[in-house]
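The values are calculated or read from the model by the stated rules, or taken from the named source; none is laboratory data. None of these values were measured; they are calculated from a predicted model. Reconstructed Cβ throughout: ideal geometry from the backbone, glycine too, with neighbour counts over all protein chains shown. Ligands, DNA and RNA are excluded from the accessible area calculation, which covers all protein heavy atoms including side chains. Shrake-Rupley method; radii C 1.70, N 1.55, O 1.52, S 1.80 Å.
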Amino acid sequence: MSEALNLANNPMLLEVENLAVEFDTYGGVVKAVRGVDFSVEEGKTLAIVGESGCGKSVSVQSMMGLIHMPPGRITSGSARLRGEEVLGRNELNGKEIRGAEISMIFQDPMTSLNPTMTIGDQIAEPLQVHRGLSYRQAFGEAINLLEMSKIPEAAKRAKQFPFEFSGGMLQRAMIAMAISCKPSILIADEPTTALDVTIQAQILDLMQDLQKETGMAIILITHDLGVVARMADEVAVMYAGKIVEHGTVDDVFYRSAHPYTLGLRAAMPNNDPARQHELKPIEGSPPDLFAPPKGCGYCARCPFAMEVCDKHHPQDYFLGDHHFSCCWLHHSDSPTKPEELYFKENS
Amino acid sequence: MTDIHVSDFRPLQRRSDVHGISRPSLSYWEDAWIRLKANKRAIVSLYLVVALLFFTLLGPLIWTVDPGLQDLDQISQPPGTDRSAEIVADYIAWDGVDPSAGSGARVIDVPTTQVVRLKWDSLPGANGHRVYRNLFPVGNEFAYGIPVGEYFDNAIDFHEDRLDLKPGRYFYSIVALAADGSVTQTYQTVEVDVVRVTTLSEAREQGLIQTDSDLQIGDSINLSAHPLGTDYLGRDMLSRLMAGAQVSLSIGIGAPLFFVFFGVVFGSVAGFIGGKVDQFMMRFADFVVALPFLLFMILFKIAFGIGPGESGIMPMLIALVLLMWPATARLVRGQILQIREQAYVQASQLLGAKTNYLIFRHMLPNTLGVVLVTLTFEIPKAIFVEAFLSFIGMGVAPPTPSWGSMSNEGIKTMLTTPHELIFPAVFISITVLAFNLLGDGLRDALDARMRNQE
Amino acid sequence: MGWYIFKRLIQGIITVWFIATATFFAMHSVPGDPLLNDRAVTPAIRANLEAKYGLDQPLLTQYVIYLGNLSRGDFGISFTQENRQVNDIIREHFPVSAILGILAVLFAALGGVLWGSLTALYRNRLPDYIIMFLVILGISVPSFVVAALSQYSLVTLNNAVGQTLLPVAGWGTILHMLVPAMVLGLSTMAYLTRLMRSSMLEVINSDFVRTAKSKGLPPARIFTRHQVRNAILPVITVLGPQIAVITTGGFVVEIVFAIPGLGRFFVEAVQQLDYTVIMGTTVFYGAFLVFMVIVVDVLYGFIDPRVRLK
């Protein structure tokens, strides 16, 4: 469908197709990611949303070569950066991708920095390695980057160790480190989960400012729909190792097509007094990925489940150019349509 | 997707049990046991420990040889030596007459473990002779071996060797002495193959034959069996190893039981009371840790003293307990402090739980895993200490056997009869190994933090 | 940092006082009169000692005199070697033990870090299995057996070659020190290898190593600057107590290899019940160990910024 169109008009920066990852564990093989597609355009933000353990972090970490293999294993898929295959290798045309083309920040800044190296040294490292700068040059650049990340007294702070920083400051330093080589993609893996709410907003603002300045794309992994609404251009909703709905922010928020997305939204607080509603949790828990269900993974928790959902996995139904949903409700034989459910929910 | 019908799009009829997760939930100990069972090394070690306990406790009931009994016909015998011995007449002193009238250095009669009779012709320029015995040929370095006889008179030209003879090959050297009595390089060597013999009276004494037996001189009998050989005093190695196991394990397991228990009490009291008392108690523990351990083990051992006829096990136990408790105390205190801060303890407190309840319901059960692991690791340490002290002669008093003191005795004859060192050393090593591996397995099974590591 | 070192030194001195006190009362609870039950005490020594320690005085007075002497660094006169100062004995024999100990600690620390890192990097593969098997052996076989066996192999080796490649016993050249130091350091090396391995595994799975990988750093740089540097910290913290294990473990090696160190001298003194030598050596060893632990802790502070800057 629109894929060809997309390629012609606005070439995708990164395209991931049919990515599947497994882990050998004590209890058996966990199929953590079961065929995931997503893509991100230059300068845009893609948010991947889902609850803990749905495979959103594993998807990007496997792409970055950050999962331990073994026990991890990429069983299928491809990831193309500007059309060139990068999955399973960390270099493109002899140059390291990580840190230079794609960089990453993580959930817990407290543990994500080396406790025995100064902040400045850690920021300088990628510059020395990828840009070939001398230590002195790189350190000077690190101070500039800290200033860009709005850390006061950057020159002094650069000589300090992680334990002398607060959580928010550390995440700023992480961001400074990630953008040091002007990557085209920044992957932020739950960047604000471990931080206070006020700090969260500052960090998100910083990321947006830097995106405007450098034009990088952001892949934002989160379980916070508020963060998604604030940051994302496109949203992929992930459940049990699969993407169940994908679309623009407006598509996903205002024209939610998958019952899981509906459930997430019903569980999310709203600060608009006119649309206050009682928060409704999604009953039950995600399926056991040691033995993924034959049908739809959400079937057991879905209030609209039909017999077909238990037996067969649904295909992706396109509801717009970018908007698809992976649910049997969109099948022509289905007696109800999600749109109806959606309006019923909101009435 | 041809097999999809409109009928499939009916709402799903759920069974009521759809929601639950099917995996059964396991208690902490069940879970740990499953993990331990999956760890082959730990299970093999567990079997080894059980086997050692059988060896120690039931072994002496099956192999009833007295560990103190000396078998003088079989001294320092390696295992598997041929036990048959010819019966010879009782020893009668020899007057040095050679019935065959040979010449040069020579052996008279059949050389036996009872006696080796040597005769020689006076060496040129000799002012007397000295007789040496060696296990190897003399060689260029004039290694004669150990002296067994010395005669400053050239007229005496014979020697009877009855010293500690074993079946096998000996090299006897007759060495000429210089005028000042020093050894010269003039010598003659005889190669002698000694045959194992015993006498009727000895055999009767040892209960090898009945008093009314019609065995004659020249017949051959089997000497008493020693599956693992004998030591340098002719004592049975197997029975000594069993007796030694009782000593080594009673110290190695007994002492940790005591001091781990003391450490748990000390540590949990300090951790639970907290504040100044805790500070003071832990400072004291720090001091004890700072004592140079082995030196103080020795010091305490001297201070308690070993009276005559005592085995020295008690002083060693006391010294071990006095010096080794602080490690457990620190560990348990740390655990208690951690657990005290846990939300579930605070919740329990808010619900009105009494101190006793908190200690026995929350704190102790949660430290039990750590304590069990510590205990398993302290056992090999204590066994090592016992072995070490006995090795330097500061352990149990002879004749009480322990693996360490047996090693100490064995090391002296390491070059000629290595089995006297190897058996006790192997027993120490296997015991320590088994407890260490079992401890590793227990720690991995019980310690949640380590679970994802290996 | 200066304040920290000062505080540690004060603690150390208190600890040494505790050790001295424990030694004093342990020795004075030895049954019988220390001067009577020994055959080797000459009237001259007896007079000297009685004057020096006031052996006729009440216990507490003796204790005060003893502490006074100690604070001046005076350990007294040997009971069995006429008029020989314990200080002289220590001065003569301790350097030998110290050199042996330092070599053993170096050997153990370098080996432990190297093998530990290797096993962690090759986890669950052949090199890991082989090294860990040897490590388990090193932990399980008593030091005197290792000492005896290595001496036995030295004898065999020298016999096979027909000349003395490495001396079997004695002291003097670096060749004399090699094998004893290795034997002495072996169990500590095995212990440190295990520690380094688990610490390295923890670091390999840590978030900051993941960050380093996501920065695209070459593996060698990740290994040296991020992994080893952090994984080595727990190894350094146990190095202080391990030095204690090694120096006192020196007894066996010194006996087996006939090395004239303080350990062997101590064992002889114990066998002869030479009270002042036993007390002097114990207190001296204790003080030495206490300050080694402080040195290691201060050293640790320079490597781990979290300690240095607090």
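Calculate how large, on average over all directions, the projected area of the Cα convex hull of region B:88-199 is; give the answer in nm² to one decimal. If you can, show how the numbers build up before the last one.
Working: hull surface 27.4 nm².
The orientation-averaged projected area of the Cα hull of region B:88-199 comes to 6.9 nm².
Tell me, what is the per residue accessible area of region A:139-261 in Å², probe radius 1.4 Å? Show your work: numbers first, answer last.
Values: 3960 Å² over 123 residues.
Ligands and nucleic acids excluded, the figure is 32 Å² per residue.
Kindly identify residues of region B:375-399 having a loss of at least 50 Å² in accessible area between the isolated chain and the assembly of all protein chains, probe radius 1.4 Å.
Those are B:384, B:388, B:391, B:392, which lose 50 Å² or more relative to the chain on its own.
Highest first, please rank the peptides B:325-333, B:367-375 by the mean number of other Cβ atoms sitting within 10 Å of their residues. Before the final figure, lay out the partial values.
Details: B:325-333: 23.1, B:367-375: 19.6.
By packing density, highest mean first, the sequence is B:325-333, B:367-375.
So what is the 222 nm mean residue ellipticity for the protein assembly as shown from helices alone, if each DSSP H run of at least 4 adds -39500 (n - 2.57) and you divide by all residues, rounding to the nearest 500 deg cm²/dmol?
-16000 deg cm²/dmol
In percent, what relative contact order does region B:339-454 have, based on Cα pairs under 8 Å that are 6 or more apart in sequence?
In percent, rounded to a whole number, it is 24.
Just to be sure I understand: if you take the accessible area of chain C alone plus chain A alone and subtract the pair, with a 1.4 Å probe, what total do you get in Å², rounded to 100?
Using a 1.4 Å probe, the pair buries roughly 2300 Å².
In chain B, which whole DSSP H runs stretch at least 27 Å along their own axis (Cα) and average -0.5 or higher on the Kyte-Doolittle scale?
In chain B, the long hydrophobic H runs are B:237-273, B:313-340, B:364-391, B:419-446.
Treating only the Cβ of Lys, Arg, Asp and Glu as charged (+1, +1, -1, -1), what charge dipole size does region B:88-199 show about its Cα centre? Round to the nearest 20 debye.
On the way: 9 positive and 15 negative charges, 66 e Å.
With only Lys, Arg, Asp and Glu charged at Cβ, the dipole is about 320 debye.
Given C-alpha coordinates of region B:195-287, what is the ratio Rg to Rh with the Kirkwood estimate of Rh?
That ratio is 1.50, to two decimals.
What does the buried accessible surface come to for A and B, summed over both chains, with the probe at 1.4 Å? Round to 100 Å².
1700
Are there residues in region C:266-298 whose accessible area shrinks by at least 30 Å² when all protein chains are included rather than the chain by itself, and which are they (probe 1.4 Å, ligands and nucleic acids not counted)?
Listed in order, they are C:266, C:270, C:271, C:282.
Using the heavy atoms of the protein chains and a 1.4 angstrom probe, tell me the accessible area per residue for region C:17-176 in square angstrom.
Numbers: 8070 Å² over 160 residues.
Roughly 50 Å² per residue, with all protein chains present.
Per-residue HN-Hα couplings for region C:118-124, Karplus 6.51 cos²θ - 1.76 cosθ + 1.60 at θ = phi - 60°, whole Hz, x for Gly and Pro?
4, 5, 5, 5, 9, 3, 6
Sort out for me the Cα centre separation of region B:300-366 from region B:48-72, rounded to whole Å.
For region B:300-366 versus region B:48-72, the Cα centre distance is 34 Å.
Sorting A:95, A:280 by accessible area (1.4 Å probe), largest first, what list results? Could the numbers behind the result be given before it?
On the way: A:95 150, A:280 110 Å².
From most exposed to least exposed: A:95, A:280.
What size of dipole, in debye to the nearest 20, comes out for chain C about its Cα centre when the only charges are +1 on Lys and Arg C-beta atoms and -1 on Asp and Glu C-beta atoms?
Using only the charged Cβ atoms, the result is roughly 1720 debye.
Please calculate how many Å² of accessible area region B:193-306 carries per residue, with a 1.4 Å probe and no DNA, RNA or ligand atoms counted.
42
Nothing charged except the Cβ atoms of Lys and Arg (+1) and of Asp and Glu (-1): what's the magnitude of the dipole of region B:40-147 about its Cα centre? Round to the nearest 20 debye.
580
Which of C:196, B:425, A:187 sits farthest toward the positive end of the charge dipole of the protein assembly as shown, with +1 on the Cβ of Lys and Arg and -1 on the Cβ of Asp and Glu?
Ranked along the dipole, the leading option is A:187.
Give me the accessible area buried between chains C and B, both sides summed, with a 1.4 Å probe, in Å² rounded to the nearest 100.
About 3600 Å² of accessible surface is lost on pairing.
Ordering C:302, C:25, B:55, C:208 from largest to smallest accessible area (1.4 angstrom probe), what's the sequence?
Sorted by accessible area, descending: C:302, C:25, B:55, C:208.
Going highest first, how would you order B:92-104, C:107-119 by mean Cβ packing within 10 Å? Don't jump to the answer; show the numbers that get you there.
On the way: B:92-104: 9.5, C:107-119: 21.4.
Ranked by mean Cβ neighbours within 10 Å, highest first: C:107-119, B:92-104.
At a cut-off of 30 Å², which residues of region C:8-25 become less accessible once all protein chains are present than in their chain alone, using a 1.4 Å probe?
By number: C:15, C:18, C:19.
So what is the diffusion coefficient of the protein assembly as shown in µm² per second by Stokes-Einstein at 4 °C and 1.567 mPa s, using a Kirkwood Rh over Cα pairs?
On the way: Rh = 36.1 Å.
My calculation gives 36 µm²/s for D.
Which residue, B:328, B:294, B:183, has the largest displacement toward the positive end of the dipole of chain B when charges sit on each Cβ (Lys, Arg +1; Asp, Glu -1)?
Comparing the listed Cα positions along the dipole, B:328 ranks first.
Where does chain B land on the Kirkwood hydrodynamic radius, alpha-carbon pairs, in angstrom?
28.1
Could you order B:280, A:304 so the one with the most accessible surface comes first? Probe is 1.4 Å.
B:280, A:304
Once you average over the residues of C:201-208, how many Cβ atoms of partner chains fall within 10 Å of each Cβ?
5
Which of the listed residues, B:88, B:115, B:167, is farthest toward the dipole's positive end in region B:88-199, when Lys, Arg count +1 and Asp, Glu count -1 at the beta-carbon?
Ranked along the dipole, the leading option is B:167.
Pop out the carbon and sulfur fraction of the accessible area of the protein assembly as shown as a percent, whole number, probe 1.4 Å.
The computed percentage sits at 60.
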